[in-house]
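Here is the structure we will look at, set down as C-alpha cells.
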Amino acid sequence: MKKIFLTLSICLACLSAKADEGMWTIYNLPPQVFEIMQNEGMTMSYNDLYYGDNALKNACVNFSGYCSGVVVSPNGLVFTNHHCGFEAIRSHSTVEHDYMLNGFYAKSYEEELPNEDMFVSFMVDQIDITPRLASMRFDKLSNSRREEIIDSLTNAMTDSVKAIDPTLHVNIDAFYEGNKFYATTYQDFTDIRLVFTIPMSMGKFGGDTDNWVWPRQTCDFSVFRIYADPKTNGPAAYSEDNVPYKPKRWAQVSMQGYKDGDFAMTIGYPGSTQRYLSSYGIKQMRDCENAVRAQARGIKQEIMRRHMNADEAVRIKYDSKYAQSSNYWKNSIGMNKCIDSIGIINQKALFEDQIRQWQKETGYLLYKLDFDRLKELYANNYESTHAYNYLIESFYGNTELFSRSLKYYRGEYEVQGPEDNPKKQYIIIEDNTKDWDEALDKEVLAAMLENYAKHVDKKYLPNFYNTIRTKFANNYTAYVDNLYKKSALMKTGKKIYINKKGFDKDPGVLFGEEFIEVLRAIAASSRSVENSIQTQERYLCDAVVRMQQDMPHYSDANFTMRLSYGQVGEYMLAGQPSGYYTTPESFIAKMDQAEKIADYKAEPIMRELLSSKDFGPYTDKTTGKMQLCFLTNNDITGGNSGSPMFNGKGELIGLAFDGNWDSLSSDIFFDKQLARCIGVDIRFVLFMMDRWGHADRLLKEINAK
C-alpha cells in the first residue's frame, strides 16, 4: 500500500500544528493546540476542560491502573470497556453462575458486586516541578541519584497534600524522556462494584480474529459503581455501610450521534509510547521485544486455548489470562509488520541525519548527544536484552509453581509460629485452585522451559536446566511432573515448615532461586549500558524539541491523563474507503460465519435483537441506522481502553477500545493517513442495556439526552 508521509522532521518526532496527532497534558495545553480544537468544532472553554469542580477532566478516571473510564451519573456509575472489567467479571463467575458467558445485571444497590484490588483514580491537579529539580542540577546527576531524589520528593509532596486532605497522594512522573517532571495529585476510590456486563460473546465479539482490525461490531463496555464513605463522600475501604459516590462532575451521555468530519476528543490514560525513540531502539524493540513476545506467547496460548475448549471450568479460570496475553501478542505481530512495511527504522535514521546536521550547524553539544555511541550501546546490549525478554515471557506470571516460588523467595507468605523457635515456624499456602488448572499449568511450564532453552545462549540457562539434563534426560514433562509432586510449595492448606532441614533443597524453592540468579546476572551485566542508553535517548529527545522549538510538542505517554483530538472519519483500507461506522447488518453477516469462525458466535437472542426493524431512539438521525462502532483519528494507545470519546460540547458519544491493524506502529510513529481509534457507539451501549438487560433503573440514572 502506498504511504503518504509528512515532512520527516514532523511526522517522525512531533506534532505539526496542522495534524491531529498528540497525547496532550491538559493542565498546560498549548494555546496553538486549543485554537485548532476550537477551529475543528470544540465549543467548550479551556476552564470547562480543566479548572474547577465542573471541569470535564473530573469525570474521567484511571480505571484500576491499566485502563481508563468515565463517570456517567450523579450516583457514581462508571463506564469502561468490557475487557477492562474482564477479571472482575471472571472472578465472580462460576459454572453455575457464569457471568462471563451469560452477563450480569444488579437490579439493586444491594446486588452490586464488590471487587478486591480494584480502584478508580481521579486526577486533582498537575504541576511542572522541573524548575525545582533544576536548582539541584538534576540533569547532571546519575540515573540512580535522580531516582532517589524523585522518591524523596514524592514522599514530601504526598505528606503535604495529606495534611490538607488525607485521601490525596502525589505521583511524580518523567516527561519528554526525563527532561521534564510533573507532579500529579490523585484521589483514589477503592470500593468499586460491578453493576452490569453483557455476555462475553458481545463484549469480546470477534475475539482474536477481529482484534486490532476494522470493521468491528464489538459492544466493548462494562458498568461499575464507585462507593464512598457515607459521612464524607470520600474514599473508604469496602464496607456494607458505604454509599454510592456523589461525583463533582459526570459526563452527559449523548443520543445525538455524530457525522463524518465531526470533532471528537478522548480523555484518558494512555500507557506508553516511544515516538522519540532512536532508530537503534526501534530495531531492538522489533527484534528483542516484539518478536520474542509473539513467538513465546503463541506457544503458550495454543496450550491454553486447547484446554479451555475442552473444559468449561478451565475456560472460566483462564478467559481473562488468555485475553491479557493474546492482546499484545497480536499487537507485537502487527507492530513488527508495520515497522518493516513502512520502513520506519530507515525513516528514523534519515531524520537522525537531520539532527546530526543541525548539531553541526548550531554547535548544539550541551548534552553530548552522540549517535555513534548510542549505536554501540544498543549493540552491546542486544544479546542480554533478548535473553531477558525470553526469560520474562517464558516464566513470569505464566504458571502457579513459578508464582509460588517467586512469592516465597520474596518473603510474601506470612510466617507463622513462635518467634523464639524458628524450627516451628511455617507458612500456609491457601488453596486457590479456583484460579488455575494443574494439567494446563504443567503443560505450559514444560513447553516454556523447552522453548526458552532453544532461543538463548547456554550462559542464560538457570541451574535447574542441569537437573533437567542429568536427572530427566531433557524430558521437560517429567521434570515438571516431579516439581509439582515433590515441592512443598504445591501443597495447599498445610503447614510448610520453612526452617526444616533440607527445605532449602526443595525443587520448587530452588526453581525460584535459580531463576532469580539468572535474572539478576542479566540485570547486573546490562545495568550500566541501559543507564547510558537512557541518558542518550534523553539527550536525543531534548535535541528534537530544541531543533523544532517553533512547534508545540507533546510528551510520550506514561499513563498520566492525556487529551487527544481529531475527527470522525474513515480511511483507505486495501484501496477502498473503510466506512466510518458499522451496522447491525454487518454484525449478522459475521454471525452467519460462526460455524467457520468461532469468534463470531453469539447468543441467538443477539441475532433477534440486532435484526430488529425498529431501533427506536438508538437510530442515528443522519444515516437511519443504529451505529455499532465508529472510527476517529484520535491518537490513542494501550491504557486508553475505556477512554470516553466526547463531541465538541464535551458530551459522551462513545468509548475507545482499540486501534486498527494498519497503524499498529503508532506507539513509535503516528501515521495520520492510517491511524484510527475504534470506539463503541454509546447508543449501542444503551441499546444493549435496554433491550437485552432491561436495566431501566440504570438508564433512568444515566438520563441520556
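The values are calculated or read from the model by the stated rules, or taken from the named source; none is laboratory data. Treat the numbers as computed from the prediction; the structure is a model and nothing was measured. Positions of Cβ are backbone-derived with ideal geometry, glycine not excepted, and every protein chain shown enters the neighbour counts. Surface areas here come from the heavy atoms of the whole protein model, side chains and all, with no ligands, DNA or RNA. Shrake-Rupley method; radii C 1.70, N 1.55, O 1.52, S 1.80 Å.
The table below lists the values:
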| item | result |
| --- | --- |
| Proximal aspartates and glutamates relative to residue 375, as straight alpha-carbon distance under 13 Å, when same-chain residues fewer than 8 apart are discounted | 352, 530, 537 |
| Residues of region 308-382: accessible area per residue with a 1.4 Å probe, Å² | 50 |
| Cα pair distances of region 199-311 binned at 5 Å [whole percent] | 2, 7, 8, 10, 13, 15, 12, 13, 14, 5, 1, 0 |
| Within straight-line cross-link reach of residue 248, aspartates and glutamates at Cα separation under 20 Å, skipping those fewer than 8 residues along the same chain | 48, 53, 125, 165, 188, 191, 229, 651, 701 |
| Contact order normalised by residue count of the chain, Cα under 8 Å, 6+ apart, percent | 25 |
| Selection from 284, 51, 186 lying farthest towards where the dipole of the chain points positive, charges on Cβ | 284 |
| Isotropic mean projected area of the C-alpha convex hull, region 461-595 (nm²) | 19.9 |
| Environment charge of residue 253, counting only residues whose C-beta is closer than 13 Å and scoring Lys/Arg +1, Asp/Glu -1 | 0 |
| Per-q log10 I(q)/I(0), region 660-705, q = 0.17, 0.21, 0.30, 0.32 Å⁻¹ (Debye; single scatterer per alpha-carbon; no solvent) | -0.60, -0.67, -1.08, -1.14 |
| Global geometry of region 555-705, whether rounded, prolate or oblate, following the gyration tensor of its Cα atoms and the 1.5 cut on a/c | oblate |
| Sulfur and carbon atoms: percent of accessible area, the chain [1.4 Å] | 49 |
| Sum of -39500 (n - 2.57) over DSSP H runs of 4+, divided by residues of the chain (222 nm, nearest 500) | -12500 deg cm²/dmol |
| Eligible lysines near residue 486 by straight Cα distance, threshold 19 Å, same-chain separation 8 or greater | 407, 442, 471, 494, 495, 500, 501, 505 |
| For region 317-450, size of Cβ-based charge dipole, Lys and Arg +1, Asp and Glu -1, in debye | 440 |
| In region 252-290, the trypsin sites (Lys or Arg not before Pro) that fall in loop regions by DSSP, at most 16 other Cβ within 10 Å | 259 |
| Total formal charge among the other residues, if their Cβ is under 13 angstrom from that of residue 234, Lys/Arg +1 and Asp/Glu -1 | 0 |
| Positive dipole terminus of region 334-399, leading residue within 388, 344, 378 (C-beta point charges) | 344 |
| Which label in (1) 32.5; (2) 38.3; (3) 34.1 gives the computed mean projected area of the Cα convex hull in nm² | (1) |
| Trypsin sites (Lys or Arg not before Pro) lying in DSSP loop within region 298-380, provided at most 14 other Cβ fall within 10 Å | 368 |
| When each of 613/700; 246/621; 107/162; 57/259; 321/423 is checked by Cα-Cα distance, pairs over 30 Å | 246/621; 107/162; 321/423 |
| Nearest-20 debye value, the chain charge dipole, Cβ charges on Lys, Arg, Asp, Glu | 1100 |
| Net charge of Cβ neighbours under 13 Å - reference residue 382; Lys, Arg +1; Asp, Glu -1 | -3 |
